[in-house]
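Q: The following block contains the structure, expressed as C-alpha cells.
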Amino acid sequence: MANTCDYRSEEALLRRVAEGDQDAFAELYAVLGPVVYTYLVRLVGDQGAAEDLLQEVFMAVWEGAGHFRGDSRAKTWVLRIAHYQAVSWLRRQRPVAALSEALPAEEDIEEAALAAWSASRLAEALKRLPPRQRAVIELVFGQELSYAEVAAVLGCPVGTVKSRVSYALRLLRHLLRDVREKQV
Amino acid sequence: MAPLHVTADNGRNGKGPDDVRALLPWYVNGTLGGDERKAVEAWLARHPGAQAEVEALRHLHRAVRAQPLQRPPDRVWAQLRARLQAATSPWPRWLTWAWTGLVTFILAFFLWALFQPGIVLRWQAHTSRPAQAHVWRVAEDGRLIPLAALPLPPGQQSATFVDPFVRPGTTYVYRVELVDRAGRVVWWWTVVQRADTQIVGFYVAIGFVSLAFGWMTVTAYVHVWNLSRRRSRPVQRHAPWVHNL
C-alpha cells in the first residue's frame, strides 16, 4: 500500500486550510483523500456511503481546521473525524450481526494465520470483522499508527485499544480459519 | 497518553507476559518507542516460542499493507469543491443592492408617514354628529376627484387630512363634505391651498437620509457576515474531534 505521507507538509497544509486557503485544502485532499477513503470503505463496507462520508469528513476538516491544536499528526486528526463519521453512519444502519460468539480459547495465532493469510482470504475475513475490530486492524496495520494515535482516533484509553486489538486478532484468526474451511 | 510502564523486566517482576504481548502489534508496525521496543525484544529473547506470533503479525502487516489504496472517484472532489464554493462564496453584490433598496424604501415610507409633507387640511365641524368627511380635489375642468372618506367617531368633530401627492408651487382646490349616518351632506366648504416649494427639499432629505442609512446598514451587515464566514467558519455541533487533538 503506497501510503507515504509527509508529516510536516500535512501539518503545514492543515494550518493553511485553517487560514481559508482553498489550494491547501485541495492539496490536503489529494494527500489524505485516498487514505481516508480507503479507511472508510474498509470500515463501512459500502463505496457509495464511503464517498458521502468522505465529503462530510473533508467538509468537517475545512470547518474545523482552525481548532486543530497540533498535538497529533494531521493524519491522525483527519482519521479521527473519519472514524466518528463512519461510526455514526454505522449506528444509523441495521445492527451488524454479532460475530463474537463461540470464540475459540486462547491459542497460538500462527497456525491459522500462516495457513490462510493470502490476500483474498484476508480481505474476506476483514470484511466479516465487526466495524470496531476492522477499525483497529486497519489503524494498526494499514495506517501504522502508534497505540497512542489509535487511542486518539478512536477516542478511548490506550488500555481499551490494546484489548480491542487483541480481541480483533483472535476474531480474525477465527474468521480466517472459517474462510479456509469453506474454501476447502 | 497513558504510559504503559513497560520495562525490560516485564514478564519477570510481576507483570504478566500479556502486558508485553499486547505491544506486539505496535512492535511489528514499528511505532514503539525505544524503551518499549527493547522491552519487547528482551521478552522475545526469553520466550522464543512467541517469535512465531510475531511472524504471524508481520504477515498480517504485510498483507494489510499490500491491499491497494483506493482512490476516491473524481466526482467526490467535484461535489466537495462545489460545497466549498457555496460555503465560502462572498455575499453577492446584487443582494446588497436589493437589501439596500428594501431598507431605503421602508425607512423612507416610515419617515414620510411620520412627517407627512404635503397640503394639510384641518377643519372643525359645527354641525351635529357627522359620520364621515369626504375630501375631494377639484380638477381644472371642475371634476371632483375623490381623495378620502374619513370616518368620524361619535363626539369627534375635528379632523385633519394630508394630501401628499402635490406639485410644489401649484395651487389646488379642495372640497370637504361632512356626511351624516343617512349619507346626506350636512355641510361642505371649499379650500384653496398652494403647495409649499419646500416640499421638494423635504422629499430629497427623506430620500437621502433613507438611502444613506440603508446603504450603511446593509454594508456593515455584509462586512460582518463576510468576516464571520472567513474567520470563524461554523463548526458542527457534537464534533469532539476538533477540540481534542
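Q: Using a 10 Å cut-off on Cβ atoms, rank the peptides B:134-143, A:78-87, B:103-112 from the highest mean neighbour count down.
A: Listed from highest to lowest mean packing, they are A:78-87, B:103-112, B:134-143.
Q: Moving on. Using a Förster distance of 51 Å, how high is the FRET efficiency between B:LEU150 and B:THR96, based on the Cβ-Cβ distance and rounded to 0.05?
A: Once rounded, the FRET efficiency stands at 0.80.
Q: Could you work out how far apart the two model spin labels at A:ASP71 and B:LEU114 are, taking each label as a point 7 Å from the Cα in the direction of the beta carbon, and quote it in nm?
A: The two pseudo-label positions are separated by 5.4 nm.
Q: With a ≥ b ≥ c taken as the square roots of the eigenvalues of the C-alpha gyration tensor of region B:181-222, please select rounded if a/c is under 1.5 and otherwise prolate if a/b is larger than b/c or oblate if it is not?
A: Oblate, because a/c is 1.5 or more while a/b does not exceed b/c.
Q: Now, a different point. If you average 1/r over every pair of different alpha-carbon atoms in region B:74-199 and take one over that average, what Kirkwood value in Å do you get?
A: Value: 18.8 Å, from the Cα pair sum.
Q: Rounded to the nearest 0.05, what FRET efficiency do B:ARG83 and B:ALA45 give with R0 = 56 Å and r taken as the Cβ-Cβ distance? Could you check?
A: Once rounded, the FRET efficiency stands at 0.50.
Q: While we're here: List, largest first, the extents of the alpha carbons of region A:7-92 along their principal axes, each in whole Å.
A: For region A:7-92, the Cα extents along the three principal axes come out at 33, 22, 20 Å.
Every read-out reported here was derived from the displayed coordinates using simple, explicitly stated rules and does not represent laboratory data. Just so it is clear, the structure is predicted and the values come from calculations on it, not from any experiment. Using ideal geometry, Cβ is built from the backbone for each residue, glycine included, and neighbour counts are taken over all protein chains shown.
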